[in-house]
Amino acid sequence: METLRNASVPSALMGGPGGGIERLDITIADGKIASLSPHSPGPGRDLDGGLVLPAFVDVHTHLDKGNIWPRKPNPDGTWMGALESVLEDREAKWAREDVARRMDFSLRCAYAHGTAAIRTHLDSAPPQHEITWEVFREARERWAGRIELQAVSIIGADDCLDRASLDSVARVVQRAEGILGGAIAVHPEARKAVFNAIDKAGDLGLAIDLHIDETLDPEASALRHFADAVIETGFKGAAVAGHCCVLSVQDEKTARSTIERVAEAGIAVVSLPMCNLYLQDRDPSGRKTPARRGVTLVRELHAAGVPVAIGSDNTRDPFYAYGDLDGLEVLREGARIIHFDHPQDQAWQWSRMVNAGAAKIAGFSYRGEIVAGAPADLVAFRARNWTELLSRPQSDRAVYRSGVPIDGALPDYRELDDLMEV
């Protein structure tokens with residue numbers, strides 16, 4: 001038995017409604033949180049008021065794309081530049097060993113930073129689906145007990161319209177106990193593509209998670225089609241929409257109507273603020289400063305009763321040149337970009353978007369809360385409050401898994417040098 005004494009724990013992360021911080025002693029036994037009690041002197045590790053958070057949940061990542069930037073950078077920083085670059089790299093390089101090594105490297109980064117659960121989207125256009133999903137299944141087994149893993153397919157609207165191709169991908173997903181997904185935005189048959197995906201997920205008893213309206217074209221309406229499809233088909237599985245950038249540029253009436261329909265459908269929304277800022281409204285010539293940044297209407301969605309979360313999205317690939325699967329970075333940048341640092345008494349509630357809230361959306365067995373009986377998967381900081389936490393990278397954090405401190409050393413990028421030959 002061990003006790004972490006004098007810890008600052010946000011009440012919002014203990015399953016309560018409050019927005020304050022409580023000074024507590026956390027008793028750990030048999031890898032679980034045995035009790036939480038008001039701080040009092042005694043034996044154990046004194047955290048001197050340092051914050052303790054649950055291990056992170058990253059509900060939208062791309063482990064198969066990660067860390068290809070050195071060999072395949074985005075030529076102009078645009079979304080189309082990213083799409084074409086990844087396609088070229090996938091067709092040329094994504095053999096089994098390449099995907100497996102990069103995926104494992106990314107997972108080691110996430111683990112060292114303090115992440116306990118990850119949902120990854122996997123490029124699944126045939127024939128890549130046969131390679132990547134098998135690699136993922138092996139990674140899920142190897143990482144069991146350290147990072148709980150889920151996977152979602154990504155195919156384009158054209159593959160969703162091709163019923164044979166859609167079925168082929170969906171069957172691979174089903175065998176791997178995965179989640180059906182795709183990427184749909186502006187397309188002449190966007191509605192049919194969305195309905196096809198919903199129909200197939202329903203037929204096979206799969207959950208669905210779609211990249212939706214990752215565009216600033218105000219005519220995009222795939223999110224509305226998604227909500228309509230869930231309602232009109234009676235789809236009973238869990239449904240998640242990622243990105244939803246178009247809401248930020250549509251008129252208020254259109255956005256409000258779509259949000260209300262999303263709430264009615266019970267769809268959760270995941271915002272990817274760092275990647276959206278990187279790609280949206282970029283001028284390839286470099287002469288124009290971006291003004292429309294594509295971050296979806298998180299507050300409006302939340303106010304309508306839509307579950308919301310934020311995630312890393314891409315890391316060091318053509319869609320986002322940076323990132324390291326660090327849940328704290330996602331929280332820090334999310335707070336600055338989405339402005340959920342104010343009102344200050346609500347800030348800790350918003351922080352659930354990288355732990356408890358994200359875990360609930362994804363249906364992870366790991367709940368991302370600090371409560372008695374939960375696994376002692378914790379991240380302890382020297383920072384004592386919100387502003388101290390978000391002002392520095394917190395590289396000296398201590399990560400506990402099942403109550404035991406882990407080695408927080410990050411893998412060296414040099415490990416991947418032999419894969420980066422152009």
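The values are calculated or read from the model by the stated rules, or taken from the named source; none is laboratory data. This one's a predicted model, so the numbers in the text were calculated from it and none came from an experiment. Here Cβ is always computed from backbone atoms with ideal geometry, including for glycine, and neighbour counts include all displayed protein chains. The protein model used for the area step is the full one, side chains on, heavy atoms only, and it has no ligands, DNA or RNA in it. Shrake-Rupley method; radii C 1.70, N 1.55, O 1.52, S 1.80 Å.
If you scan segment 257-289, which residues turn out to be out of contact with any Phe, Trp or Tyr (no Cβ under 6 Å at 6 or more places or on another chain), hydroxyl-bearing (S, T, Y) and buried (at least 20 other Cβ atoms within 10 Å of the Cβ)? Break it down into steps so the answer makes sense when it comes.
Step one: filter segment 257-289 for residues out of contact with any Phe, Trp or Tyr (no Cβ under 6 Å at 6 or more places or on another chain), giving 257-274, 276-277, 280-289.
Filter again for hydroxyl-bearing (S, T, Y), leaving 257-258, 271, 285, 289.
The answer is T258, S271.
Is segment 316-327 home to any residue that is at pLDDT 95 or above, open to solvent by 50 Å² or more (accessible area, probe 1.4 Å) and either within 16 Å of the chain's Cα centre (by Cα) or not aliphatic (A, V, I, L, M) (or both)?
yes
Restricting to segment 264-277, name every residue that is assigned to a helix (DSSP H, G or I) and under 16 Å from the mean Cα position of the chain (by Cα). Explain how you work it out, then say what you get.
Pass one, segment 264-277, residues assigned to a helix (DSSP H, G or I): 264-265, 273-277.
Hits for segment 264-277 are P273, M274, C275, N276, L277.
Within the bounds of segment 291-306, is there any residue that is assigned to a loop (DSSP other than H, G, I, E, B), among the charged types (D, E, K, R) and free of Cβ contacts under 8 Å to residues at least 12 places away in the same chain?
no
So, in segment 395-422, exactly how many residues are touching a Leu at 6+ places or on another chain (Cβ under 6 Å) and not in a strand (DSSP E or B)?
So in segment 395-422, the residues touching a Leu at 6+ places or on another chain (Cβ under 6 Å) come out as 400.
Now drop any that are not not in a strand (DSSP E or B), which leaves none.
Number satisfying all stated conditions: 0.
Kindly indicate whether D341 is over 24 Å from R45 (Cα atoms), open to solvent by 20 Å² or more (accessible area, probe 1.4 Å), assigned to a loop (DSSP other than H, G, I, E, B) and charged (D, E, K, R).
It is true that D341 is over 24 Å from R45 (Cα atoms), open to solvent by 20 Å² or more (accessible area, probe 1.4 Å), assigned to a loop (DSSP other than H, G, I, E, B) and charged (D, E, K, R).
When the residues of segment 153-169 are narrowed to those that are under 14 Å from A193 (Cα atoms) and of a type in the set (A, V, I, L, M, F, W, C), which ends up farthest from the chain's Cα centre (by Cα)?
A164
For the subset of segment 214-256 comprising residues that are open to solvent by 50 Å² or more (accessible area, probe 1.4 Å) and not charged (D, E, K, R), which member is nearest to R119 (Cα to Cα)?
Applying the filter and picking the extreme gives A238.
R382 fails exactly one of the following numbered conditions: (1) exposed (fewer than 12 other Cβ atoms within 10 Å of the Cβ); (2) of a type in the set (K, R); (3) part of a loop (DSSP other than H, G, I, E, B). What is the number of that condition?
Only one criterion in (1) exposed (fewer than 12 other Cβ atoms within 10 Å of the Cβ); (2) of a type in the set (K, R); (3) part of a loop (DSSP other than H, G, I, E, B) is unmet by R382, namely (1).
Does I155 meet the test of being out of contact with any Lys or Arg (no Cβ under 8 Å at 6 or more places or on another chain) and closer than 15 Å to V59 by Cβ?
Taking the combined requirement at face value, the residue does not satisfy it.
Six or more apart or on different chains, Cβ atoms under 7 Å: show the pairs whose first residue is in segment 307-319 and in a strand (DSSP E or B) and whose second is of a type in the set (F, W, Y).
Close Cβ pairs (under 7 Å, with a partner that is of a type in the set (F, W, Y)) amount to D313/Y320; D317/W69.
Of all residues in segment 5-31 being assigned to a loop (DSSP other than H, G, I, E, B) and modelled with pLDDT of 95 or more, which is nearest to N385 (Cα to Cα)?
Per the stated criteria, the residue is G31.
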